[in-house]
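Just so you know, all these numbers are worked out from the coordinates, no wet-lab data involved. Everything numeric here is computed off the predicted structure, so don't read it as measured data. Positions of Cβ are backbone-derived with ideal geometry, glycine not excepted, and every protein chain shown enters the neighbour counts.
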Amino acid sequence: MGAMAKPWLPLVLAALAAGCSSTSFTSTWRADGVGRIDYAGKRVAAVFASEDTAARRSAEDVLARELDARGADGVAAYTVIADEVLRDRERARAAMLAAGFDGALVMRVTEKRQEVYSDPGMYTGVHYSSFSRNCAVGWSTAYPARVESDTVVSVETLVFRLQDDVLLWGGMSETFNPTRLEPFVEELCAAVWEELQDEGLVP
């Protein structure tokens, strides 16, 4: 493919060869004047928005554990707030404040799509001259094209300070080829934390 090669193809193939997913951010946002986001020792609600109750609870358990590992007191939202309350933003915030939460980490899957790409293959036969000539001898010396596809999952992550209802930071990420929920959420948390560190918002 030479100079016409897609710039992202080597990265995609490397991820496939390693048999793992990969997460990167496509955009981030931070509130004006935000310095450090310090949730060390503070109670932070782990929220994973999903209509699939079992998946949401599993994801929130992972989120809470990842928050704990980074110094916060992470709590899966489903353990303290009823599902119907979480669907109402104002009621959810009031319930979190009543439960002693200082902040909230919210994740939401916004898109899942397939990306298809291909290696066009190679041809090592005779020079093209006519349809009949090249069809007669060409197929035996043509290397077949390879078609691959990736599953790409887009996630919105939001970090809130609950006392004054401020969105501190938000980001949109893409993960290629996630396979299971738990490692997917773990990878998302690691990517979020790395992004926050790069932006100087957490130690």
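Sorted by packing (mean other beta-carbon atoms within 10 Å per residue), highest first, where do 83-93, 40-50 land?
Averaged packing, sorted descending, gives the order 40-50, 83-93.
Residues with beta-carbon under 12 Å from that of Phe176, excluding Phe176: net charge, scoring Lys, Arg +1 and Asp, Glu -1?
Net charge around Phe176: -3.
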